[in-house]
Amino acid sequence: MIALSPECFPCFLRQADLAARAHGASESARKSLAARITGILSDAPEGEIPARVATRLHEIVRHQLGTDDPFHGVKEREIARFGDISSRAESLVASSPDPMAAAVWLSVFGNIMDSGIIEKESMESEMGRLTAADGARQIPEGLRDQILRSRTIGILLDNAGEVAFDVPLLARLAGEGKAVWIGVKGEAVIDDLTEAEALRIGLSAYGEVVSNGNRGVGTDLRLCPKSFRDRIEGSDLILSKGQANFETLFGRIRRAYFLFRCKCPVVSRTLGVPEGDLVVLDGDKAG
């Protein structure tokens, strides 16, 4: 389990400031927000999951900035280029000798698109280095076997920028005749994809789009309605995107693979992988 560490605190302040900057807040507003966040962090329970602290943090960010969606402009820009990037991702996957493996790894690669943690320039730089070689990696045979055996597959999506990289995987799962359902946020939080946005970009072509009924960071099962928890429990396989979903779901659900980029030293130490590594983790074995 990932638990709150002193190293999380600078990251929380950075998250809040990135939200403020995305909203176009003034420098004085950013300073005021940082002071407010510093105050709530001192009361964070020891041993808490960082993503749960982030949920509270972003509630305060929205209230302090006077907006329900600080990342609205960021998401609109990502949605505007969704078609171009998903086409590029599909071309890389289609040219791979192992398209399913390439689709999985391109989906993981897309986790770099995280406006709540990573600077825009860093994201664009990573995308600029994307080549066909990034689609040539192999996936664990256990994952391939589970995909083949599974009838119902849930994929819990992350942010609006990375969903374009998820499309080749969604297309192949649907093309294999799987009953795919696509989990998204109920309302805006950070730059995560909401139900309305997922429907708007046409993800229902690949499976049923399902809201998790809340705006928590990651997928906090305590905030999800029973119907959503039952979907997870009743699925043959869950593909969980992003580090926040890993934080909130690891060790709490079965038959799950976690697909994300390791973005912090806390997760790096827990998994024994370098920061920045792409991760495809069997939750049953690791848990």
Exercise. If we scan region 136-148, do we find a residue that is more than 14 Å from Y257 (Cβ to Cβ) and at pLDDT 95 or above?
Worked result: no
For this session: Residues being farther than 21 Å from F258 by Cα and of a type in the set (S, T, Y): count how many of those fall in region 176-230.
Result: 2
For this session: Please identify the pairs in which a residue from region 37-53 that is closer than 14 Å to S5 by Cβ has its Cβ atom under 8 Å from the Cβ atom of a residue that is hydroxyl-bearing (S, T, Y) and not in a helix (DSSP H, G or I), counting only partners at least 6 apart or on another chain.
Result: P50/S5
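For region 196-214, name all the residues that are under 30 Å from S87 (Cβ atoms) and not aliphatic (A, V, I, L, M). Talk me through it step by step, then tell me what you get.
Initially, region 196-214 is screened for residues under 30 Å from S87 (Cβ atoms), giving 196-212.
Hits for region 196-214 are E197, R200, G202, S204, Y206, G207, E208, S211, N212.
Determine which member of the set A102, A80 is surrounded by fewer than 13 Cβ atoms within 10 Å (Cβ to Cβ), modelled with pLDDT of 90 or more, small (G, A, S) and more than 23 Å from C264 (Cβ to Cβ).
Working: A102 fails: surrounded by fewer than 13 Cβ atoms within 10 Å (Cβ to Cβ).
Being surrounded by fewer than 13 Cβ atoms within 10 Å (Cβ to Cβ), modelled with pLDDT of 90 or more, small (G, A, S) and more than 23 Å from C264 (Cβ to Cβ) holds for just one of A102, A80, which is A80.
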For this session: Mind listing just one residue for me: the one in region 28-59 that is surrounded by 17 or more Cβ atoms within 10 Å (Cβ to Cβ) and among the β-branched types (V, I, T) and, of those, nearest to D114 (Cα to Cα)?
Result: T55
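Scan M113, M127 and give me the residue that is within 19 Å of A94 (Cβ to Cβ) and at pLDDT below 95. Steps first, please.
Numbers: M113 fails: within 19 Å of A94 (Cβ to Cβ).
Of M113, M127, the one residue that is within 19 Å of A94 (Cβ to Cβ) and at pLDDT below 95 is M127.
The values are calculated or read from the model by the stated rules, or taken from the named source; none is laboratory data. Note that the structure is a prediction, hence the values are computed from the model and not measured. Cβ: placed from backbone, ideal geometry, glycine included. Neighbour counts: every protein chain shown.
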